[in-house]
1. Please give me the summed charge of the neighbours of Leu348: other residues whose Cβ is under 13 Å from its Cβ, Lys and Arg +1, Asp and Glu -1.
2. Under a 5 Å amide H to amide H cut-off, with H placed in plane at 1.01 Å, what residues pair with Arg195 once short-range neighbours are removed?
3. With r as the distance between the Cβ atoms of Ser104 and Val404 and R0 = 60 Å, compute the FRET efficiency 1/(1 + (r/R0)^6) and round to 0.05.
4. If you take every DSSP beta bridge whose two residues both sit in the chain, what share of them, in percent to the nearest 5, is antiparallel?
5. Label the chain by shape, choosing from rounded, prolate and oblate, from the square roots a ≥ b ≥ c of the eigenvalues of the Cα gyration tensor; if a/c is under 1.5 it is rounded, and otherwise prolate applies when a/b is larger than b/c, oblate when it is not.
6. Name the residues whose placed amide hydrogens come within less than 5 Å of the amide hydrogen of Val78, ignoring near sequence neighbours (fewer than 5 apart) on the same chain.
7. If packing is taken as the average count of other Cβ atoms within 10 Å, what order do 258-265, 241-248 fall into, highest mean first?
8. Can you run phi through the Karplus equation (6.51, -1.76, 1.60; θ = phi - 60°) for the stretch 243-250 and list ³J(HN,Hα) in whole Hz, with x for Gly and Pro?
Amino acid sequence: MTETILLDPRADANAVLTAGKILRGGGLVAIPTETVYGLGANAFDENAVRNVFLAKGRPSDNPVIVHISEFDEIYPLVTAVPEKAKKLAEAFWPGPLTIILPKSDKIPCVTSGGLDTVGIRMPSNPVARAVIKAAGVPVAAPSANISGLPSPSCFEHVCDDMNGRIDAIVDGGDCAVGVESTVISLVPDVPVIYRPGGITAEQIESVIGKVEIYEAVLKPPAAGVKAASPGVMYKHYSPKAEVTVVKGSLADFAAFAGRRADDGHTAVMCFEGEEEYFSLPVITFGREDDSLSQAARLFHALRELDETGARTVYARCPSSDGVGLAVCNRLFRAAAFRIINACPVIGLTGKTGAGKSLVASLFAEKGCVIIDCDKIARELTADGSPFVKTLCENFGEDIAENGVLDRKKLASVVFADEEKLHLLDSLTHPEIIRISLGRAEKAVKEHRPAVIDAPLLFECGIDRNCDITVAVTAPDDVRLRRIMKRDGISEEAAKARMASQKLTDAYYRGHADYVINNPDTDEYKEAVGKIIF
Ligand code: TXA
Ligand code: MG
């Protein structure tokens with residue numbers, strides 16, 4: 001345990017000098033910046049930087065940003081300063097932009113996390129720059145949180161995480177931006193934004209032309225690939241609660257939240273002014289149409305969640321335009337990329353006798369509209385329907401009389417000839433798909449989740465139009481017994497029916513988002529509860 005000095009430059013004229021002296025001497029000082037608080041150390045001092053990693057519990061391969069107080073201080077830190085860097089600095093420094101360039105030998109490997117590049121930033125917060133100036137050395141500073149937790153955007157949050165672990169904390173009040181800087185690498189020919197922040201891609205492009213946005217900004221990094229920016233590999237911004245981002249309009253989100261019981265540990269993260277729509281405990285993060293206000297509030301909101309003791313949290317999905325990209329990036333990562341639709345289209349499939357209908361009825365109980373593709377197939381061929389005419393044109397006039405389909409006759413035609421069976425499928429499947437998707441769309445418009453119950457969900461490609469897919473499986477002997485009992489048929493007939501569905505359980509496990517095995521047991525209720533709320 002270290003004794004941590006709390007320094008307040010507004011009350012103590014020597015605070016900045018004291019902070020600078022501690023930094024220069026190899027100590028650790030948390031400093032306020034306009035983005036979030038940084039945990040500073042002398043960037044040239046390997047030992048001091050190593051202590052930063054220890055204090056945060058940060059993996060040693062995650063590089064630290066080096067902070068400067070004047071533009072010219074960049075020259076000794078990098079091998080060259082390209083024109084684009086100068087233009088960006090002129091437009092956005094001091095400010096929330098970190099520029100990655102090839103590092104000089106003066107930057108120790110500990111600071112660069114073993115990479116041959118280094119991120120440089122000149123913060124706009126005057127206290128930050130004054131402390132760097134007083135230190136007389138560039139200051140390596142990651143965000144001043146315990147690794148994995150939300151970054152600290154006010155003095156209290158730094159104290160929560162770092163009191164007793166570092167030498168001093170400088171009080172600079174609240175951070176104006178609230179999320180960390182935009183990180184851009186000028187190393188590739190087309191610069192890449194690794195982390196979105198307070199300076200938007202559009203602002204940057206207006207100064208240096210085309211930039212790319214790193215693929216792991218709004219989705220998890222590809223498994224097994226070494227990330228170009230190591231920070232994206234690690235769990236981040238995570239409150240103790242399990243956060244799920246829920247897409248959709250306020251009305252759909254409110255209906256979704258309304259289906260959740262107030263169990264004392266479920267909460268909602270919504271925008272300001274929406275509180276009255278929820279009976280669950282609510283924490284707000286900015287206004288819906290104002291990404292800057294969301295950025296300023298997000299980390300506060302994530303930390304407040306923990307104070308409420310919430311274990312399950314549903315968050316409104318912000319717009320990803322402008323600074324919204326940074327808000328989405330932090331929130332999606334806090335949610336470990338659990339992102340769902342408030343009003344989803346769910347594809348439900350499974351083999352005959354596995355228990356699909358039981359699962360469908362539970363979805364219905366939860367307020368979903370069930371769209372039964374077998375039923376649609378029967379409706380299609382109802383007496384007098386135009387589709388019966390289409391069938392007659394293809395399989396002969398004698399399969400129907402006065403518009404009434406003779407199913408037995410049709411069966412005898414198509415089951416005797418594989419090509420005709422294919423033709424029948426190619427006529428009926430597109431119709432069933434069209435009707436089922438149309439009904440799903442209508443349900444969603446009416447703010448109700450839709451379940452498309454389709455034995456051939458994957459075979460017909462309906463899954464591609466679903467937000468979530470669920471497959472129901474059960475052991476073959478269980479299915480056999482169920483089919484015989486349900487349909488009152490012989491073992492042989494039941495086995496023939498079972499043989500007509502070709503997909504294996506392994507296929508379902510590989511392709512469906514959820515597999516519910518043998519809904520004889522009560523566990524499936526829990527599984528359905530996770531899918532639809
Ligand atoms: O706003 C900010 O940038 C704050 C304040 C304190 O300046 N700092 C901050 O640092 O957020 P940190 O260490 O928490 O996040 C730096 C991010 C990490 O994701 C890291 O992987 C990435 O930037 N990064 C740093 N140097 C890099 C490099 N040379 N190449 C690729 N990524 C780098
Ligand atoms: Mg950080």
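Coordinate-derived values only; no laboratory data. Since the model is a prediction, treat every value here as computed from it, not as a measurement. When we count neighbours, we look across all protein chains shown, and the Cβ atoms used for this are built from the backbone with ideal geometry, even at glycine.
1. Values: positive: Lys351, Lys356, Lys366; negative: Asp372, Asp374, Asp453, Asp463, Asp467, Asp513.
Here the charged neighbours net out to -3.
2. Val183
3. On the way: r = 86 Å, r/R0 = 1.44.
So, using R0 = 60 Å, E works out to roughly 0.10.
4. Numbers: 18 of 63 bridges.
About 30 percent, rounded to the nearest 5.
5. Values: a/c = 2.91, a/b = 2.47, b/c = 1.18.
Here the chain falls in the prolate category.
6. So Val78 has HN proximity to Ser104.
7. Details: 258-265: 12.0, 241-248: 19.2.
Ranked by mean Cβ neighbours within 10 Å, highest first: 241-248, 258-265.
8. 9, 10, 8, 10, 7, x, 5, 4
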